[in-house]
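Chemist: Pasting a structure below so you can have a look.
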Amino acid sequence: MKVKVFTLVKLITLAAVLLSATAWVQPAKAQADCGDKYSVVKGDTLFKISLRCGTTVNALMRANPHIRYRNLIYPGQVLVLPGAIIPDTGSQDIYIIKRGDTLRELANRFDTTVARLLELNPGIGNANLIYEGQRLAVPISSTPDPQPGQTYVVHRGDTLRKIAARFDTTVDVLLKLNPQIKNANLIYNGQRLVLPESVTIYMVVRGDTLRMIAAKYDTTVAELMKLNPGIKNANLIYPGQVIRIR
């Protein structure tokens with residue numbers, strides 16, 4: 001009897017260890033699936049989303065300052081996540097700091113200096129102290145000089161091959177248009193790429209609908225969805241989203 005009880009205890013302990021290991025592995029896997037943005041669904045809470053996407057509630061609050069109450073989010077709401085970049089039409093973009101980032105690394109990544117980043121972000125009092133989810137203004141590289149409307153901002157998970165397929169072009173064409181890319185396998189989130197002149201893209205702004213965009217460019221909602229298979233719901237697009245028009 002004692003042997004059986006001892007064996008049962010060992011099995012229960014082993015099962016607990018395995019479950020614990022699984023619990024640690026799953027958020028890391030989910031983080032890769034979350035991408036740069038997350039659309040809230042019914043039953044979500046910031047705590048659940050933070051676990052699913054490998055971040056924290058505080059980081060989500062910093063990244064999304066429009067959320068005033070951590071217990072009040074709603075289905076369809078789009079949250080930006082650490083590591084995302086919010087394109088701007090001016091001289092700078094907004095980068096959402098992710099875990100492990102440093103100003104020195106970000107300065108190299110965005111082809112600038114720590115001093116310049118501090119100048120653009122006067123709220124940072126200590127260059128060695130930045131927080132996950134914090135919004136950081138970063139300068140837009142002046143090279144190359146793309147034509148208006150023909151710039152694509154790289155998102156997490158993008159590769160040149162995926163971008164080429166999305167815009168019906170080739171990796172070779174993209175490399176020719178973007179001589180700053182020295183390694184076809186090395187592009188980074190937030191990098192701006194020049195697209196072929198034959199491609200027309202549009203960046204969604206607040207208040208847009210697919211119907212409005214289709215009317216503006218003399219096309220149809222069905223055609224836009226065909227060109228943008230990532231759009232699963234014609235009624236759900238978000239500010240900053242890049243839509244291929246032609």
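Chemist: Kindly evaluate residue 127 against the criterion of being small (Gly, Ala, Ser) and in the same structural domain as residue 36 (by TED's automatic domain parsing).
Modeler: Answer is no for this residue.
Chemist: Same structure, new question: Could you list all residues from region 204-222 that are over 23 Å from residue 77 (Cβ atoms) and among the basic types (Lys, Arg)?
Modeler: Answer for region 204-222, where residues must be over 23 Å from residue 77 (Cβ atoms) and among the basic types (Lys, Arg): just 216.
Chemist: Take region 55-83 and flag every residue that is assigned to a loop (DSSP other than H, G, I, E, B), surrounded by fewer than 20 Cβ atoms within 10 Å (Cβ to Cβ) and either touching a helix residue (DSSP H, G or I) at 6+ places or on another chain (Cβ under 7 Å) or touching a residue at least 40 places away in the same chain (Cβ under 8 Å) (or both).
Modeler: Residues satisfying the conditions are 56, 65, 67, 70, 73, 76.
Chemist: Being assigned to a loop (DSSP other than H, G, I, E, B) and surrounded by 16 or more Cβ atoms within 10 Å (Cβ to Cβ) is true for just one of 199, 205. Which residue is that?
Modeler: Going through 199, 205 in turn, just one is assigned to a loop (DSSP other than H, G, I, E, B) and surrounded by 16 or more Cβ atoms within 10 Å (Cβ to Cβ): 199.
Chemist: Considering only residues that are exposed (fewer than 15 other Cβ atoms within 10 Å of the Cβ) and in a helix (DSSP H, G or I), which ones fall in region 208-230?
Modeler: 211, 212, 215, 216, 222, 223, 226
Chemist: Also: State all residues of region 84-133 that are at pLDDT below 90 and assigned to a loop (DSSP other than H, G, I, E, B); if no residue qualifies, say none.
Modeler: 84, 87, 88, 89, 90, 91, 110, 111, 112
The values are calculated or read from the model by the stated rules, or taken from the named source; none is laboratory data. Owing to the predicted nature of the structure, the values given are computational and were not obtained by experimental measurement. Heads up, the Cβs are rebuilt from the backbone with ideal geometry, glycines too, and the neighbour counts pull from every protein chain shown.
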